[in-house]
């Protein structure tokens with residue numbers, strides 16, 4: 001197996017809740033654990049078919065984790081159906097991983113928490129680290145025995161909507177954090193190369209701090225230590241004593257940072273604004289900051 | 001099957017710094033290109049050799065970057 005940089009073990013990184021992360025080694029040791037379901041969720045929805053962690057099921061974020069008609073996350077009943085059809089019961093430990101250092105795996109994590117699934121973790125380093133370490137891949141779809149699943153009503157304390165953000169822009173009662181690249185934040189580009197969801201205007205929501213999502217990861221895709229993460233956020237004025245709203249372009253990079261702030265650093269009030277810049281940047285008359 | 005020959009390198013295309021990653025599985029090479037600033041993969045290709053896979057992926061990357069307007 002290929003050697004990668006030596007990461008500090010998860011339990012030694014000082015996280016507020018280290019139980020939300022597992023290592024690639026842990027996953028490799030639980031491939032046949034009947035209480036564990038591994039799920040791959042990628043930005044590039046064809047990645048799963050090119051090889052995946054043995055036994056993992058693949059979720060397509062654009063068709064299975066989004067309402068196909070209304071712009072929204074999937075409703076409660078559809079979520080319960082997806083979980084059950086994926087062989088997930090209410091007591092199953094769900095291990096999520098994906099490409100781009102877990103962008104959409106974190107988005108799926110956020111949805112699982114919205115609907116009250118207790119045992120859900122991210123594989124630290126995601127698909128990239130699994131490949132880099134030369135671990136086993138499978139081309140075979142997972143054999144899944146459907147389970148019965150009951151979803152809770154959505155916990156909307158984890159989600160910010162447009163009126164919430166509009167109120168914060170006026171009151172400055174919460175920290176707004178933009179996880180996009182500096183080029184998107186300044187309006188130099190409307191969306192990253194090759195990604196189709198865009199908007200009419202470039203720039204950012206007034207008062208937002210720009211902390212690109214990738215700052216929280218090491219070169220091998222694993223998360224930095226709690227001390228390093230605190231320095232990044234608190235250095236930009238995003239402190240645990242104030243509510244935080246994260247946003248990006250469509251809500252996936254911001255769910256990655258939401259995960260860091262809420263679980264790795266233990267901030268008490270963190271919401272993900274999944275409408276993000278593709279909502280705000282298309283609004284007629286919305287205030288925009290652009291240097 | 002296992003992955004092997006994992007490699008990355010950085011290049012500049014149309015003013016963007018991109019990272020090319022390639023590896024082999026089951027006798028095929030897979031290459032992808034990501035924007036370093038954004039951290040997102042935006043081009044991918046397969047091939048019988050590393051050179052073939054990277055060449056096709058980089059052609060796609062050049063085309064997509066050329067179509068990404070800067071303001």
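The values are calculated or read from the model by the stated rules, or taken from the named source; none is laboratory data. Computed from a predicted model, the values in this text were never measured in an experiment. Cβ atoms come from the backbone with ideal geometry, glycine included; neighbour counts cover every protein chain shown.
In table form, for the structure just shown:
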item: When residues of the range A:170-196 are limited to those that are more than 12 Å from chain B (Cβ to nearest Cβ) and in contact (Cβ under 8 Å) with a residue 12 or more places away in the chain, the one farthest from residue B:66 (Cα to Cα); result: A:173
item: Every residue from the range B:16-55 that is part of a loop (DSSP other than H, G, I, E, B) and under 18 Å from residue A:195 (Cβ atoms); result: B:36, B:37, B:38, B:39
item: One residue from A:202, A:214 being in contact with a helix residue (DSSP H, G or I) (Cβ under 8 Å, 6 or more places away or on another chain), assigned to a loop (DSSP other than H, G, I, E, B) and buried (at least 18 other Cβ atoms within 10 Å of the Cβ); result: A:202
item: Long-range neighbours under 7 Å by Cβ, at least six apart or interchain, first residue at positive phi within the range A:111-125, second assigned to a helix (DSSP H, G or I); result: A:125/A:24
item: Evaluation of residue B:4 against (1) more than 7 Å from chain A (Cβ to nearest Cβ); (2) more than 18 Å from residue A:43 (Cα to Cα) (one fails), failing number; result: (1)
item: Of the criteria (1) at pLDDT 95 or above; (2) closer than 30 Å to residue A:193 by Cα; (3) within 14 Å of chain B (Cβ to nearest Cβ), which one residue A:45 fails; result: (1)
item: Qualifying residue in the range A:94-101 (condition: free of Cβ contacts under 8 Å to residues at least 60 places away in the same chain, out of contact with any helix residue (DSSP H, G or I) (no Cβ under 6 Å at 6 or more places or on another chain) and assigned to a loop (DSSP other than H, G, I, E, B)); result: no
